[in-house]
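> Just dropping this structure here.
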């Protein structure tokens with residue numbers, strides 16, 4: 001069944017990637033020449049610049065990069081940020097190389113992207129992805145500036161996800177995990193949804209998290225520390241740990257950093273080599289690892305009432321049908337993990353304006369809040385509550401404004417998606433509603449520019 005009426009030929013235009021570039025280059029390391037291959041795919045330039053992560057992975061290939069670029073186009077359209085979709089990858093296992101070697105490889109890759117116009121503030125803006133982070137983005141922006149000495153004013157905007165010292169933005173590291181939290185809150189806040197067993201809050205709900213990298217860790221941390229959820233299982237590539245009373249997320253992360261694994265965490269039961277952690281009974285399942293974690297072979301054993309796709313494509317087509325047939329609700333990746341690109345947009349804007357968020361208004365807001373507090377004290381004859389005073393008088397640091405902006409985008413996006421599903425119930429689920437919302441916006445953009 002078709003839910004979108006598109007002009008003839010436009011659907012084909014939206015489906016196809018505009019271009020995929022393969023770059024091969026050599027780097028002299030360890031006394032010999034090593035060859036590397038990477039890709040940068042541009043899915044759609046209906047809105048420019050294009051935006052998308054850059055991953056370092058041994059199993060990367062061009063087809064995966066194109067699929068992820070298409071997902072970025074849809075994701076940006078859904079949350080209504082002004083980017084087209086792109087994605088990149090370098091076929092490499094970062095664990096096999098020392099930090100100085102990785103730096104040389106990353107810089108050479110950046111050179112190849114730069115001379116082909118595949119990176120730039122107004123062209124194509126990479127960000128961290130699997131196997132990359134702030135460190136790699138700092139190397140890339142430095143190399144881009146060296147290659148463009150006459151364009152240093154906006155050069156920092158050539159990538160996002162940078163360290164704060166290199167033009168990054170507060171809250172970018174936590175952004176995707178924070179977005180997961182806001183997505184779940186939006187679902188529970190909406191009276192049109194069944195909630196979780198009829199409940200509208202997360203207090204004492206059981207949550208299983210698969211993948212304890214940046215996204216899974218931050219989502220688990222915020223849900224447990226701020227919303228009162230119990231993180232009962234954390235699953236990783238070498239097994240999982242479980243505690244029905246709730247894992248101490250921060251302590252578990254420190255254990256993982258020290259040992260390289262979540263296994264062996266004190267106070268929890270470890271299941272080494274067992275990949276069935278995501279099948280444990282729970283209210284909410286958050287797959288936050290790689291693609292296809294939930295598939296036709298294990299979907300029947302998934303017990304969660306709500307599946308929240310923090311990873312890209314964690315539920316296969318077959319698994320999606322099985323889960324829906326038994327009444328599970330799935331919040332799609334297109335929406336759930338969009339927090340990263342939203343805050344990347346904030347960082348890009350910050351780099352282009354050269355003004356930190358809040359700089360022009362923070363002190364004025366503090367003075368206004370002080371005036372309000374003083375007026376309330378005079379009117380009531382009572383002192384302003386001491387436990388609330390500091391927070392009330394705070395004018396808003398950059399991270400507060402970033403979190404506020406991200407929450408607003410996630411709430412508005414939820415309303416667009418859920419509102420469409422209410423208006424057109426034949427769409428069936430939130431995933432379809434998200435795709436229809438995004439594609440309609442992309443189609444409108446193409447028609448507006450005469451394509």
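> Would you please give the FRET efficiency between residue 297 and residue 115, computed as 1/(1 + (r/R0)^6) with r the Cβ-Cβ distance and R0 = 45 Å, to the nearest 0.05?
For R0 = 45 Å, the calculated efficiency reads 0.50.
> Could you list 390, 283, 204, 400 so that the one with the fewest beta carbons within 10 Å of its beta carbon is first and the one with the most is last?
Neighbour counts put them in this order, fewest first: 390, 204, 400, 283.
> What ranking do 169, 399 get, fewest neighbouring Cβ atoms within 10 angstrom at the top?
399, 169
> What number does the stretch 96-168 give for Rg over Rh if you use C-alpha atoms and the Kirkwood radius?
My calculation puts Rg/Rh at 0.94.
> Taking every pair of alpha-carbon atoms in the stretch 133-196, what share in percent sits in each 5 Å bin, from 0 to the bin with the longest distance?
The calculated distribution, bin by bin, is 4, 17, 19, 13, 11, 8, 8, 8, 6, 4, 2, 0.
> How large is Rg over Rh for the stretch 340-435, taking Rg from the Cα atoms and Rh as the Kirkwood inverse mean of 1/r across Cα pairs?
So for the stretch 340-435, dividing Rg by the Kirkwood Rh gives 1.18.
> Can you give the relative contact order of the stretch 349-448 as a percent, counting alpha carbon pairs under 8 Å and 6+ residues apart?
23
> Given N residues in the chain, what is Rg(Cα) / (2.2 N^0.38 Å)?
1.02
> Also: Between the stretch 427-451 and the stretch 187-224, how many Å separate their Cα centres?
28
> Arranged by the count of other C-beta atoms within 10 angstrom, fewest first, what order do 21, 240 take?
21, 240
> What is the distance, in nm, between label points placed 7 Å from the Cα along the Cα-to-Cβ direction at residue 48 and at residue 317?
Each label point is offset 7 Å from its Cα along the Cβ direction, giving 3.4 nm.
> Same structure again: Quote to one decimal, in nm, the extra length available between residue 63 and residue 148 on full extension: 0.36 nm per residue of separation minus the C-alpha distance between them.
27.5 nm
> Still on this model: Stretched out fully, how many nm does the piece from residue 408 to residue 28 gain, at 0.36 nm a residue minus the Cα gap?
Value of the extension gain: 132.0 nm.
> If you average 1/r over all unlike Cα pairs in the stretch 232-278 and invert the result, what Kirkwood radius do you get in angstrom?
With all distinct Cα pairs of the stretch 232-278 included, I get 10.3 Å.
> Of all alpha-carbon pairs in the stretch 1-127, indicate the percentage at a distance above 19 angstrom.
51
> Now, a different point. Just to be sure I understand: of the beta bridges DSSP finds with both ends in the chain, what percent are antiparallel, rounded to 5?
50
> Next up: What is the chain's relative contact order, in percent, from Cα pairs under 8 angstrom and six or more apart in sequence?
In percent, rounded to a whole number, it is 14.
> Could you quote the convex hull projected area for the stretch 243-307, Cα atoms only and averaged over all directions, in nm²?
Projected over every direction and averaged, the Cα hull of the stretch 243-307 covers 5.0 nm².
> Quick check: Cα centre of the stretch 335-392 to Cα centre of the stretch 257-306, how many Å?
Going from one Cα centre to the other spans 38 Å.
> Need one number for the stretch 175-336: average projected area of the convex hull over its C-alpha atoms, nm².
Reported value for the Cα convex hull: 8.4 nm².
Where a number appears in this text, it was derived from the coordinates with a stated rule and is not lab data. Quantities reported herein were computed from a predicted structural model and do not represent experimental measurements. As a convention, Cβ positions derive from the backbone with ideal geometry for all residues, glycine included, and neighbour counts pool all protein chains shown.
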